[in-house]
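Chemist: One structure, pasted below without further comment.
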Amino acid sequence: MRVRQSSAAALVLMTLFTVLGISGNAQAATPPATVATSADDDTIDVKGKLVDTREKPPAPVEGVQISVEDDAGELVGEATSDADGLFVIPLGADIDVVGETYTIKLDESTLPEGTELRNPDQVELERQVKISADISVTFPIGEGTVGTGWAVRALQLGVGGLVFSLLLAMAALGLSMIFGTTGLTNFAHGELITFGALIALFIDRLPGNITVGGMNITMVTAIAVAMVMSTLFGWAQDKALWKPLRRRGTGLIAAMIVSIGLSIFLRNLYQYFAGAANHNYSQWTSPSPWSIGPVLITPKDVGVIIFSTIVLVAVTLAIAKTRLGKATRAVSDNPALAASSGINVDRVISVVWAVGAGLAGLSGVLLGMTQGFDYQIGFKILLLVFAAVVLGGLGTVWGAILGSFIIGIFIEVSTLVVPAELKFVGALLVLILALLFRPQGLLGRAERVG
Amino acid sequence: MDILNLLSGSLQQALGPTAVVYALAAIGLNVQFGYTGLLNFGQAGFMAIGGYFMAASVATWGLSFWVGIALGLGLSVVLALLLGIPTLRLRADYLAIVTIAAAEIIRQTLGSVTLLKWFGGQDGLINFQRTFVEMNPFSSRVDLGIVAWRPFDFWLLFSGWILVAIGVVVVWLLMRSPWGRVLKGIREDEDAVRSLGKNVYSYKMQSLIIGGLFGAVAGFYVALQHTNMNPTWVATDTTFFAYTVLLLGGAARVLGPVVGSIVFWFLITFLDLFFGILTRGADPFMPEWIMTNQQASLMRLIIMGLALMLLMIFRPQGIFGDRRELAIDAR
């Protein structure tokens with residue numbers, strides 16, 4: 001019982017540090033020392049650890065007064081944080097205490113010079129005792145966030161959102177192009193994303209590092225190989241499966257269900273080879289962030305932003321300017337007319353599949369670099385890719401990109417107001433609401449919807 | 001000897017509570033997809049609403065079991081209305097994307113820490129099945145020779161198959177009525193039906209609601225079967241499995257979902273047991289570098305995915321279906 005309680009306490013503390021450790025940095029999530037449990041297990045305590053998350057590791061804050069009041073405003077107990085930043089305030093025996101609600105207050109005037117509460121409004125916390133277990137509370141301490149706090153947090157989240165949107169955009173562009181030229185709503189697109197990440201993992205796991213002139217380029221090679229292999233995979237998938245289906249005249253709904261079967265097949269095949277566990281790539285696992293103004297950004301994120309921007313610009317320029325790009329748009333617009341004006345529709349579709357899969361695979365590797373690989377990495381974001389594409393307008397190129405930015409940034413920034421666990425829910429709600437008012441998507445044309 | 005165990009184990013599942021759940025869910029999909037041509041990919045969402053609100057009514061709010069059932073059914077109607085209003089005027093693939101997204105919204109919201117005190121987060125809800133257990137007329141183990149069930153499981157599948165039978169009769173009666181012919185008309189040619197002065201939108205909505213109600217009942221059974229309701233029972237794949245069941249049996253056929261569910265669970269369990277036997281023990285038949293015991297448990301899903309593809313390509317009408325009944329197309 002005691003072990004469970006204290007580990008639960010540590011978990012709560014960890015989570016809160018992670019969530020609130022914004023102007024500190026990610027390393028603030030170091031698990032704090034287990035909070036001392038009181039000698040008598042029947043007593044319920046309020047306890048916590050005050051640390052300054054600007055320091056690395058977080059430095060304990062000593063001498064801060066904490067008090068607990070009950071429902072009626074009566075003082076129940078007081079304590080001062082010790083040299084380890086710990087404080088414990090006993091509430092009483094569990095039979096008397098369970099079900100009661102307490103208010104835990106921090107006396108701001110006792111904070112040491114130069115430290116402030118992260119969230120200045122949070123000098124009081126209300127907690128209900130639900131089970132016979134100690135209550136853990138935390139008051140994140142760091143730089144005062146008065147005034148600029150909200151804006152800075154929004155900006156920081158916006159940067160995270162930008163990285164995610166770019167990855168989403170690459171995946172969405174592929175999906176949208178394939179939909180545009182073939183009409184297929186491809187539920188196996190998530191597996192194209194995972195494919196890239198899986199190939200990169202395979203390259204990364206080959207024994208030894210790949211070096212050129214002393215530089216470790218394992219991951220760079222992995223990204224390149226993953227992109228090439230994904231492109232080939234997309235091309236082969238079209239040749240072996242989708243092209244024969246088009247020849248047979250398989251309906252679009254039937255093809256959609258075929259793609260569901262393919263998704264189940266591939267996803268489990270990936271798990272067969274890669275296992276269910278989460279893997280991290282060997283390089284760039286926890287680089288120390290740069291601070292640009294008030295915002296922290298890791299060199300890896302900067303690399304991802306620059307690289308994916310280049311890729312996206314190159315692909316969209318190619319679609320806009322080259323002959324093949326024009327042919328692609330012509331096929332999207334009207335396949336029969338395109339064919340009769342001399343465009344080789346099958347070849348265009350082949351290229352679209354190859355490029356779309358390559359983009360999806362690339363987005364998979366980069367996604368794996370930012371959040372770790374697992375066999376469902378693509379399946380988990382599939383609905384967000386759909387949301388982006390539908391929001392922007394199914395089948396449109398610019399719509400897919402615009403939709404990705406809206407969805408990607410919304411997901412991150414919305415965590416200012418909604419709990420982080422519900423951020424995907426918010427994005428999917430945006431999708432449904434958008435359909436209510438503009439069913440053809442932001443950049444789609446009305447007649448596409450029919 | 002192993003062969004006999006294999007067959008009886010598979011039969012046990014094919015007739016068991018899981019098959020009941022998927023038969024019910026697939027009957028709902030049959031009304032929506034098979035007869036009306038609506039691509040509802042959010043059946044798991046209806047199951048979640050049914051299962052969760054029945055469970056929470058009893059376990060969280062202390063209401064009666066029957067209030068919970070009524071609440072589950074009522075809210076699934078509300079969900080159908082909410083989903084239908086923005087999407088039923090749109091093309092089929094939009095409905096698919098919106099319903100799949102809605103099911104995921106429901107699942108993530110009900111399983112969230114934010115609503116922990118109502119719906120129990122990721123661990124879900126327990127202690128809601130007392131009324132159902134008390135109604136159980138079977139007190140001893142039911143042994144049918146090759147297959148045998150615990151009394152509770154038998155009560156589940158007995159009552160479940162009765163509900164499935166009622167559902168089948170209801171669907172049969174509905175579909176031979178003029179109302180049902182309008183639904184089929186909508187599936188074949190929406191504009192033609194509209195030109196006859198029928199309110200297509202309203203018919204589609206009714207179809208979505210009826211299918212959703214079957215989904216909610218399937219949700220009740222998922223919760224009762226596991227004596228626990230948690231987010232993993234209503235993941236996106238649940239809907240995909242229900243579609244596989246429907247397509248296997250044959251869409252737009254009254255008995256399609258029932259036969260589909262029995263055959264599907266027979267085959268899935270058979271594959272699972274088969275690969276389990278191959279990789280079992282210290283010196284398995286299958287060398288470990290090819291397949292470990294853990295990998296063996298994935299084989300059934302790998303084969304299922306492949307089977308769904310092949311089924312849709314080579315025999316889209318399933319076991320029973322009529323190819324002419326399935327001229328559904330989106331664009």
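Any read-out appearing in this document is the output of simple, stated calculations on the displayed coordinates, not a laboratory observation. Note that this is a predicted model, so its numbers are computed, not measured. So basically every Cβ, Gly included, is an ideal-geometry build from the backbone, and we count neighbours across all protein chains shown.
Chemist: Can you bin the protein assembly as shown into rounded, prolate or oblate? Criterion: square roots of the alpha carbon gyration tensor eigenvalues sorted a ≥ b ≥ c, rounded for a/c under 1.5, prolate for a/b above b/c, oblate for the rest. If you can, show how the numbers build up before the last one.
Modeler: Details: a/c = 1.70, a/b = 1.23, b/c = 1.38.
Oblate shape, in that a/c is at least 1.5 and b/c is the bigger or equal ratio.
Chemist: Need one word for region B:190-329: rounded, prolate or oblate. Basis is the Cα gyration tensor (sqrt eigenvalues a ≥ b ≥ c); a/c below 1.5 gives rounded, then a/b vs b/c decides.
Modeler: Prolate is the answer for region B:190-329, as a/c is 1.5 or above and a/b outweighs b/c.
Chemist: While we're on this one: How far is the Cα center of region B:176-235 from the Cα center of region A:316-385, in Å?
Modeler: Going from one Cα centre to the other spans 34 Å.
Chemist: Could you work out the mean count of beta carbons from other protein chains within 10 Å of each residue's beta carbon in A:422-430? Working shown, then result.
Modeler: Details: counts 7, 1, 4, 9, 1, 2, 9, 4, 1.
Per-residue shielding by partner chains comes out at 4.
Chemist: I need to check one value: relative contact order of chain B, counting alpha carbon pairs closer than 8 Å and at least 6 residues apart, in percent. Don't skip to the end; give the middle numbers.
Modeler: Details: 531 pairs, mean separation 104.2, N = 331.
Taking the mean separation of contacting Cα pairs over the length of chain B, I get 31 percent.
Chemist: I'd like the distance between the alpha-carbon centres of region B:13-56 and region A:389-441, rounded to an integer number of Å.
Modeler: Distance between centres, Cα-based: 28 Å.
Chemist: May I pose another question? Does region A:213-350 classify as rounded, prolate or oblate by the C-alpha gyration tensor (a ≥ b ≥ c root eigenvalues; a/c under 1.5 gives rounded; else a/b over b/c gives prolate, otherwise oblate)? Let's see the in-between values first.
Modeler: Working: a/c = 2.59, a/b = 1.53, b/c = 1.69.
In terms of gyration-tensor shape, oblate.
Chemist: Ranked from highest to lowest mean number of other Cβ atoms within 10 Å per residue, what is the order of the peptides B:141-151, A:163-173, B:259-269, B:60-70?
Modeler: A:163-173, B:259-269, B:60-70, B:141-151
Chemist: Quick one: putting +1 on the C-beta of Lys and Arg, -1 on the C-beta of Asp and Glu, what dipole do you get for region A:149-448 around its Cα centre, in Debye to the nearest 20? Please list the in-between numbers first.
Modeler: Numbers: 19 positive and 10 negative charges, 150 e Å.
The calculated dipole for region A:149-448 is roughly 720 debye.
Chemist: Name the most mobile residue of B:Gln32, B:Gln317, B:Gln108, meaning the one with the largest mean-square fluctuation, in a Gaussian network model of chain B with Cα contacts below 10 Å.
Modeler: Comparing B:Gln32, B:Gln317, B:Gln108 in the GNM, the peak value goes to B:Gln108.
Chemist: Charges only on Cβ, +1 for Lys and Arg, -1 for Asp and Glu: so what's the dipole of chain B about the Cα centre, in debye to the nearest 20?
Modeler: Working: 21 positive and 18 negative charges, 176 e Å.
So the magnitude is around 840 debye.
Chemist: Right, another one. Given A:Lys243/B:Lys184; A:Lys239/A:Lys321; A:Lys105/A:Lys380; A:Lys243/B:Lys198; A:Lys239/A:Lys300; A:Lys326/B:Lys184, which pairs have Cα atoms separated by over 32 Å?
Modeler: Values: A:Lys243/B:Lys184 30 Å; A:Lys239/A:Lys321 26 Å; A:Lys105/A:Lys380 41 Å; A:Lys243/B:Lys198 39 Å; A:Lys239/A:Lys300 36 Å; A:Lys326/B:Lys184 41 Å.
In this structure, A:Lys105/A:Lys380; A:Lys243/B:Lys198; A:Lys239/A:Lys300; A:Lys326/B:Lys184 exceed 32 Å between Cα atoms.
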